[in-house]
Amino acid sequence: MLDNLARLARYRGLIQSLVARELKARYRGSVLGFFWSFINPLTLLLIYTFVFKYVMPAAPQGTDPYPLFMFCGLLPWTWFASSLMESSGVLISGGNLIKKVLFPAEILPIVTVTANMIHFFLALPILVFFLVWFSAPLTVPELLCFPLVVAVQFIFTLGCALILSALTVHFRDIRDILSNLLTLWFFATPIIYSYQYAPTLARRFMNLNPFAHLAISYQEILFFPGPFGHWKWLVALGAVSVAWFLVGYWLFDRLRDSFAEEV
Amino acid sequence: MTEYRGPRAEDRGPTGERTHAEDRESMIEDRTSNLGPRSSNMQPRTSGLEPRTSTAQRAAIEVLRVSKIYRRFAHRKQFATLKSALLSRSLIKNLKPDETFTALNDVTLTVPKGRTLGVIGRNGSGKSTLLKLIAGITKPSSGTVQVDGRISALIELGAGFHPEISGRENVFINGIMLGLTKREIARRFDEIVEFAELREFIDAPVKTYSSGMYMRLGFAVAIHVDPDVLLVDEVLAVGDEGFTHKCLNKFADFKRRGKTILLVTHSLGLVDRFCDEALWLDGGRIHGSGDPKRIVDAYITDVQHREERELAANDAKARQSAAATIVSPDEPASAVLPDSPVETAIAPGDMFQASEGRWGSREVEITEVMLTGSDGAGHVFRSGDPLDVRITLRAPLPITDFVIGIGVFNAQGVCCYGTNTAIEDLAPEYLSGDAQVIFSIASLDLVEGTYKLDVAVHKIDGYPYDYHRLLYTFRVKSRAKDVGIYRPRHTWRFDGDVRFKSPERDDE
């Protein structure tokens, strides 16, 4: 397993080209093309802002300006959720490669997660726009933590993606289960509401939710004034994520031989 | 989790150690070594420590006692559900096979460097499995596979192409997948496009390509990886004649440069002509290997025997069903046979629309029809061989008005030849008791194909005693794939400044 892991480093070039291909191919042929990366989150933003500002304005306490608050959690979530959805099917749709070309299969989920991360980066300008617009309380030390949060999320997502992609080969209905699970997960995560103002019991549950810590970290860094108090949780989650990734990779490696026959 | 280690994993010599710089150079080798069991004696291609002569003698492909067992899942359908697995608490159990299928059984083979091996065998004999094992795409259930050098497998062409992006980008990505670096591809790019004959279309998205263009591009990329070991799985049928020819030239070029080729094909002529050695797989086992001509001949003979049995079984079935539906002599005979009996046996008329069957009054009965070639009775004969049709008759009462006829039809129902005793001015005198008729053909000058026989005994006016319509099948085999119905005996002669290379095979 460690050998295989080390081998991945040699595949940088291939991963790069595949990610580039993924990004190019995604919007090829659509009129707005690349701008969909902006439009999709903006639409979501409009809907949620409308609901929580005008329909039930009491719900999100302490989250003003709301668009900025929501964006801090929503963009990372989109990266996470679409990585998982896509990677659950990636081995099946890439079956041709696995069956006919000598090809380390883990590259496919890795490419999916990475491509979605690039999308996340591409949507960051909107976030920057909102940060400037609302003159958010940014400090340099906090901003330096931002890459760390991204790294933790990347490793955590990768672990999930490896497990999901490998298991979906054997159990195809994981994809449907997953889409429902993600909806639930979204509302269980402080993205459209604030962790600080949630009831204690709910907060206890949220502490068990890995993505909650990521979302809170993003929010503390970019949105809330004051120091980045959540860093202990983030470091812990970082350690867990590395372990999680190794578990995922181990499982993937165990099931590797079955892919060429099952997909 | 490499569970297999090549038997020579330990004796990695000084040349087996490689530096970091070489790692980048020999990316494919590393890939293969890590993916498959061929972990051991891989030499970096750049290593000049070993003299050329000794590498030429080393094996390029070594397959040692390899078996491949595919699992089948009887309980679980292909699209099993997680829920049901969880409910029955058999998640782990369900991941285990209930039934196995042995695709390869204890196969051992060695291909020395620079040799071309042709693998033949019927469908499902394990040829493609062997190729995938050597390519490292699947792992053997037991045994070891070692390949020395960079592999390129032409299994499915253009497998990694993405339809939305241009041919140019796909060439780069496909090339990287196959183990080239960006720089190497850039250097070979023009050559690849030239080879694929796609200069004008290279910047169009691949989804707009025809399947032929797609395959050509895939082939061009794969072949320009410049492998040491080339694995080819029945992909020569990708283009027009010209392209196939170009591919073959490329293979020949590979051969000249001392590369190793493993060719899985159904084109026996290609094996015969092109390969140094042939391997015949049957039911996952090696059925024979060695000189291509010998192996191909043995294979053809085996196929004939198989067909023989098949045809015999089919004929028996046809006769059985014909016997079950014996038509009364008057109705069909008068209905189908026109007045002139002499013509009916041969001239294509309405009755030739009739499918196989048997009818007649049975005043004379055809009890047996046997085809005998140079190797004895059978159903498969070589074009140009003698053929005897032995007809056994029984007439319980003496009969004076009788004609014995025979007709040969090809698979399209075209009458290739028909005659009878009346046409050939044999006037009947009498027939009584058991009799045998032998219709002897000196040379079966038919092209390859399946033929059916009509055999009949009837009165001069056409009244049938026993008419066997298309109940006997035989096959004509020929190594020359000429076309038409009849092959006249012929030779070619040339005058003037005409020369051909020495013939590749004699025309049997």
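Here, each number is a calculation from the coordinates, and none is a lab measurement. Just so it is clear, the structure is predicted and the values come from calculations on it, not from any experiment. When we count neighbours, we look across all protein chains shown, and the Cβ atoms used for this are built from the backbone with ideal geometry, even at glycine.
Observations, loosely collected:
- Radius of gyration, Dmax [segment A:2-262; alpha carbons; angstrom]: 19.0, 57
- Degrees separating the helix A:174-187 axis from the principal Cα axis of chain A, which is the longest one: 20 degrees
- Rounded to 10°, Cα long-axis angle of helix A:107-133 versus longest principal axis of chain A: 20 degrees
- Signed unit charges on C-beta, dipole axis of segment B:137-217, positive-most listed residue B:PHE172, B:MET215, B:GLY143: B:GLY143
- Solution diffusion estimate, µm²/s, Stokes-Einstein, segment B:392-439, Kirkwood Rh from C-alpha pairs, 37 °C, viscosity 0.692 mPa s: 268 µm²/s
- Each of B:VAL483, B:ILE460, B:PHE439 was placed along the dipole of segment B:423-494 (beta-carbon charges, centred on the mean Cα), and the one lying farthest toward the positive end is B:VAL483.
- Applying 1/(1 + (r/R0)^6) with R0 = 25 Å to the Cβ-Cβ distance of B:GLU241 and B:CYS415 gives a FRET efficiency near 0.15.
- Computed log₁₀ I(q)/I(0) - Debye formula, equal Cα scatterers, no solvent, segment A:129-248, q 0.10 Å⁻¹: -0.36
- Too-long pairs where the Cα-Cα distance tops 19 Å, listed order kept, from A:LYS99/B:LYS127; A:LYS99/B:LYS139; B:LYS113/B:LYS255; B:LYS132/B:LYS255; B:LYS477/B:LYS501: B:LYS132/B:LYS255; B:LYS477/B:LYS501
- Nearest 10 degrees, 0 to 90: helix A:36-50 Cα axis against chain A principal axis: 40 degrees
- Dipole magnitude for segment A:188-263: computed about the Cα centre from +1 point charges on Lys and Arg Cβ and -1 point charges on Asp and Glu Cβ, it is near 440 debye.
- Taking a ≥ b ≥ c as the square roots of the Cα gyration tensor eigenvalues, segment A:1-56 comes out oblate, since a/c reaches at least 1.5 and a/b does not exceed b/c.
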